[in-house]
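Peer 1: If you scroll down you'll find the structure; I have some questions about it.
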Amino acid sequence: MPPADQPVPTVAVIGGGQLARMLAEPAAVMGVPLRLLAEGPDASAAQVIADHVVGDHTDLDTLREVTAGCAVVTFDHEHVPTGHLHALEEAGVAVRPGPDALVHAQDKGVMREALSGLGIASPRYSFVSSPRDVRAFGLPCVLKTTRGGYDGKGVWFIDTEAEAAEAFEVAAAAGVRLLAEERVDFRRELSALVARSPSGQVAAYPVVASTQRDGICTEVVAPAPDLAPALAMQAQQIAMRIAAELGVTGILAVELFETVDGRVLVNELAMRPHNTGHWSQDGAVTSQFENHLRAVLDLPLGAPEARAPWTVMVNILPVSGAAPLYDGYPHALARDPRLRVHLYGKSLRPGRKVGHVNAYGEDLDDCLKRARHAAAWFAGELGDASE
């Protein structure tokens, strides 16, 4: 805690994952104390944020305990019940992003209806309550639970009416609606990231291209290669408009499809630091994590511009039998002294995001090669230092 004669607002962070962990570094640099609600004593962020409470984010009394005396509360994830967030606001805690904004990231159905009302282009969609509804909507399609899905969970690619049965079982068990969306013929996936403060200042990061595998982001290139300037500007304008219209405070990530006919369609929203913005830790003047803190504290935002022509982020997704991550440092750092490695303090599990690497420079192919090699080495995909 800061000295008593130097009052500094404390920021409460709900959720102990890697996003909260990566908020700790800029918070320390800025001299801003964090208080964390973590899922367990060994949670990623609990390892680096001393002031933490272990508890359940769905328990209002626990939320009140964690936020007591804090100036503002923000989030590592979007799963805190909306009613609890309203209760915190009524108690005088600044909730950022606020519950009326955050619900659009919590509920895909609410998001789709809001975007439709704003006239923002998205995939064609419909709420469905039976496999027959899915057939009427049109096959093939994508089915999504409106709440609770992430990293490919709660998403099904459906080709036949019979394949929809599992999705309805999952939705019924969770008590959530099911959304049918068209399968978009897209060239690639893009992400437009913006930071917005309560006073309305906005900082827009370069639009990036992301690669997904089994619903998990594996790679990000900043800026998106060969993206027409007009389309990049359109994507940024969409993100800035959504942030303003929905009253978002903090980081907003707008995931988009770039269609083969040259349009952009909004796929998903996230109102927190996002995997597609991890490149900014080493590749931007101000990282998404620092700008998120600046935004929720209503401080002037930092410059989002890139420091180098190209930055590549590759997630570390370990394979079965991978060695401890620390063992990867001697080879990776000796081979590439300019490489930046970020590990999350998580136990290894095949396919789990346990860290990422950033490589930046003048040549995109070189950055891709360096980042991919390092991530594969840490993940246990390479078995010999000569590879």
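Peer 1: Can you name the residue in the range 169-210 that is β-branched (Val, Ile, Thr) and within 30 Å of residue 140 (Cβ to Cβ) and, of all such residues, is surrounded by the most Cβ atoms within 10 Å (Cβ to Cβ)?
Peer 2: 208
Peer 1: Would you check if residue 219 is not assigned by TED's automatic domain parsing to the domain that holds residue 280 and not β-branched (Val, Ile, Thr)?
Peer 2: no
Peer 1: Another question about this same structure. Can you list the strands (runs of 3 or more DSSP E) lying wholly within the range 118-232 that have 1 or more residues being of a type in the set (Asp, Glu) and in contact (Cβ under 8 Å) with a residue 24 or more places away in the chain?
Peer 2: It comes to 178-182, 186-196, 216-222.
Peer 1: Assess whether residue 298 counts as being in contact with a Ser or Thr (Cβ under 7 Å, 6 or more places away or on another chain) and surrounded by fewer than 21 Cβ atoms within 10 Å (Cβ to Cβ).
Peer 2: So residue 298 fits the description; yes.
Peer 1: Here is a follow-up. Any idea how many residues of the range 211-252 are among the hydrophobic types (A, V, I, L, M, F, W, C), within 13 Å of residue 196 (Cβ to Cβ) and surrounded by fewer than 23 Cβ atoms within 10 Å (Cβ to Cβ)?
Peer 2: Number satisfying all stated conditions: 2.
Peer 1: If you don't mind, another one. Surrounded by fewer than 21 Cβ atoms within 10 Å (Cβ to Cβ), under 20 Å from residue 275 (Cβ atoms) and not basic (Lys, Arg), is that true of residue 39?
Peer 2: yes
Peer 1: Moving on. Would you check which residues across the range 308-338 are within 22 Å of residue 349 (Cα to Cα) and touching a Gly at 6+ places or on another chain (Cβ under 7 Å) and list them?
Peer 2: Correct list: 316, 317, 318, 319, 321, 322, 323, 325.
Peer 1: So residue 307 passes all but one of these: (1) closer than 26 Å to residue 375 by Cβ; (2) in contact (Cβ under 8 Å) with a residue 60 or more places away in the chain. Which condition number does it fail?
Peer 2: (2)
Peer 1: Name the residue, out of 231, 190, 178, that is modelled with pLDDT of 95 or more and either hydroxyl-bearing (Ser, Thr, Tyr) or under 15 Å from residue 155 (Cα atoms) (or both).
Peer 2: Result: 178 is the single residue among 231, 190, 178 that is modelled with pLDDT of 95 or more and either hydroxyl-bearing (Ser, Thr, Tyr) or under 15 Å from residue 155 (Cα atoms) (or both).
Peer 1: Okay, next question. Output the residue which, of all residues in the range 344-381 that are under 17 Å from residue 323 (Cβ atoms) and among the charged types (D, E, K, R), is surrounded by the fewest Cβ atoms within 10 Å (Cβ to Cβ).
Peer 2: The qualifying residue surrounded by the fewest Cβ atoms within 10 Å (Cβ to Cβ) is 349.
Peer 1: Right, here's the next one. Please go through (1) hydrophobic (A, V, I, L, M, F, W, C); (2) more than 17 Å from residue 295 (Cβ to Cβ); (3) not in a helix (DSSP H, G or I) for residue 8 and return the number of the only condition it doesn't satisfy.
Peer 2: Failed condition: (2).
Peer 1: With the structure loaded, tell me whether residue 121 is under 17 Å from residue 257 (Cα atoms) and in contact with a Cys (Cβ under 7 Å, 6 or more places away or on another chain) or whether it fails that test.
Peer 2: no
Peer 1: Out of 101, 94, 164, which single residue is at pLDDT below 95 and aliphatic (A, V, I, L, M)?
Peer 2: None of the other options fit; the residue is 164.
Peer 1: Hey, can you tell me all the residues within the range 60-85 that are exposed (fewer than 14 other Cβ atoms within 10 Å of the Cβ) and either part of a loop (DSSP other than H, G, I, E, B) or in contact with an Asp or Glu (Cβ under 7 Å, 6 or more places away or on another chain) (or both)?
Peer 2: Those that are exposed (fewer than 14 other Cβ atoms within 10 Å of the Cβ) and either part of a loop (DSSP other than H, G, I, E, B) or in contact with an Asp or Glu (Cβ under 7 Å, 6 or more places away or on another chain) (or both): 68, 69.
Peer 1: Select, from 329, 360, the only residue that is touching a strand residue (DSSP E or B) at 6+ places or on another chain (Cβ under 6 Å), outside any loop (DSSP other than H, G, I, E, B) and among the hydroxyl-bearing types (Ser, Thr, Tyr).
Peer 2: Going through 329, 360 in turn, the sole match is 360.
Peer 1: On the basis of being assigned to a helix (DSSP H, G or I), at pLDDT 95 or above and basic (Lys, Arg), does residue 294 make the cut?
Peer 2: Yes.
Peer 1: Could you grab me the full set of residues in the range 201-216 that are over 12 Å from residue 279 (Cα atoms) and at pLDDT 95 or above?
Peer 2: Once the filter is applied, which keeps residues that are over 12 Å from residue 279 (Cα atoms) and at pLDDT 95 or above, the range 201-216 yields 201, 202, 203, 204, 211.
Peer 1: Taking the criterion of being surrounded by fewer than 16 Cβ atoms within 10 Å (Cβ to Cβ), at pLDDT below 95, more than 13 Å from residue 181 (Cα to Cα) and over 18 Å from the mean Cα position of the chain (by Cα), would at least one residue in the range 131-149 satisfy it?
Peer 2: yes
Peer 1: Quick one: residue 238 ticks every box in (1) assigned to a loop (DSSP other than H, G, I, E, B); (2) among the aliphatic types (A, V, I, L, M); (3) within 19 Å of residue 122 (Cβ to Cβ) bar one, so which box is it?
Peer 2: (1)
Peer 1: List the residue pairs whose Cβ atoms are under 9 Å apart, where the first residue sits in the range 41-66 and is not assigned by TED's automatic domain parsing to the domain that holds residue 78 and modelled with pLDDT of 95 or more, the second is among the small types (Gly, Ala, Ser) and loosely packed, with under 13 Cβ neighbours inside 10 Å, and the two are 6 or more positions apart or on different chains.
Peer 2: none
The values are calculated or read from the model by the stated rules, or taken from the named source; none is laboratory data. Here the structure is a predicted model, which is why all the values come from computation and not from measurement. Backbone-built Cβ (ideal geometry, glycine too); neighbour counts: all protein chains shown.
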